[in-house]
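Colleague: Sharing a structure with you now.
The values are calculated or read from the model by the stated rules, or taken from the named source; none is laboratory data. This structure is a prediction, so every number in the text was calculated from the model and none was measured. As a convention, Cβ positions derive from the backbone with ideal geometry for all residues, glycine included, and neighbour counts pool all protein chains shown.
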Amino acid sequence: MTTDNAKINSYDTAEELFSSCAREVTAYIKDCISKRGKCSIVLAGGSTPEQLYQNLSTASAAEQPDWTACQFYFGDERWVPHDHADSNYAMAMRVLFSHIDIPEENIHPIPTHCQTADECAADYETGIRHIDKFDLVLLGIGTDGHTASLFPGTTILDVTDKRVAAVFVDKLNTWRISLTYRSLNSARRVMILVQGKSKASIIKKVMQSDNQQNYPVSRLSPSGDLIWCMDSAALSLIEP
Ligand code: 6PG
């Protein structure tokens, strides 16, 4: 991915970032529903998106989309039970799903109960087979440039024949299950949420260094829109 084909939305504060992104996500979901009668949304994990999900769930009824026309998926999941504190599904349930009118059958967590992570990845791949392209993919970025569970130096970066894969992340000493580039790059819209000074260094490297391809997030090249949503703290090392 080069930043030439990406749109960057910058916001002065974290509050503005999350409130504006909530409005933009809601408007986009409504547009998808009006065009195709439905909207498939892939949620990001980690801590950054929590405030966005809270904003989505606490908007007024008039502002909220018809959640019953939405199908929710996950960009990646940790190899833990769904009631574990580290589970991306548990976070989304806590701050979003338990506060909106969404049928349980419209929520598609990545399974983590199989004997192996590979089995669970294969199950999820089967579960998304009917989806040609996701309407919206939300992502974050780690300080090492990973996104979803596409970590630097891991085998999943080179997976091209699958849309979901398991990956052992040495630095975390744990398995992860993640959508692959094949899934992420086929999305109609990808939004990458970046907040805070802790991400300023990796944003500078990703946006302004010559060896951009060294960072997994830089290898995203969606066929649809790619929108970076960042606050000024995350952009604080970017030279004008
Ligand atoms: C995860 C996410 C991961 C996350 C980054 C940033 O499961 O952790 O999918 O890719 O987006 O690690 O995490 P923070 O938002 O917590 O900084």
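Colleague: Quick check: is even one residue across the stretch 47-59 surrounded by 21 or more Cβ atoms within 10 Å (Cβ to Cβ), assigned to a loop (DSSP other than H, G, I, E, B) and within 11 Å of the ligand (Cβ to nearest atom)?
Modeller: yes
Colleague: Consider the stretch 182-231. How many of its residues are farther than 19 Å from residue 149 by Cβ and without any contact (Cβ under 8 Å) to a residue 24 or more places away in the chain?
Modeller: Counting residues in the stretch 182-231 that are farther than 19 Å from residue 149 by Cβ and without any contact (Cβ under 8 Å) to a residue 24 or more places away in the chain gives 3.
Colleague: Please work out which residue is nearest to the ligand (Cβ to nearest atom), limiting yourself to the stretch 189-204 and to residues that are among the charged types (D, E, K, R) and out of contact with any helix residue (DSSP H, G or I) (no Cβ under 8 Å at 6 or more places or on another chain).
Modeller: Selected residue: 199.
Colleague: If you don't mind, another one. For the stretch 212-232, state whether one or more residues are more than 27 Å from residue 135 (Cβ to Cβ), surrounded by fewer than 23 Cβ atoms within 10 Å (Cβ to Cβ) and at pLDDT 95 or above.
Modeller: Yes, because at least one residue in the stretch 212-232 is more than 27 Å from residue 135 (Cβ to Cβ), surrounded by fewer than 23 Cβ atoms within 10 Å (Cβ to Cβ) and at pLDDT 95 or above.
Colleague: I'd like to check something: does the stretch 60-71 contain any residue that is within 17 Å of residue 97 (Cβ to Cβ), modelled with pLDDT under 95 and part of a loop (DSSP other than H, G, I, E, B)?
Modeller: Within the stretch 60-71, one or more residues are within 17 Å of residue 97 (Cβ to Cβ), modelled with pLDDT under 95 and part of a loop (DSSP other than H, G, I, E, B).
Colleague: Does residue 129 satisfy the criteria of being more than 14 Å from the ligand (Cβ to nearest atom) and free of Cβ contacts under 8 Å to residues at least 40 places away in the same chain?
Modeller: Yes; evaluated as a whole, the condition is true for this residue.
Colleague: Where residues in the stretch 109-124 are away from the ligand (no atom under 16 Å from the Cβ) and touching a helix residue (DSSP H, G or I) at 6+ places or on another chain (Cβ under 9 Å), which of them is farthest from residue 230 (Cα to Cα)?
Modeller: 114
Colleague: Now a separate question. Looking only at the stretch 116-147, filter to residues that are in a loop (DSSP other than H, G, I, E, B) and of a type in the set (Ser, Thr, Tyr); which one of those is farthest from residue 219 (Cα to Cα)?
Modeller: Selected residue: 116.
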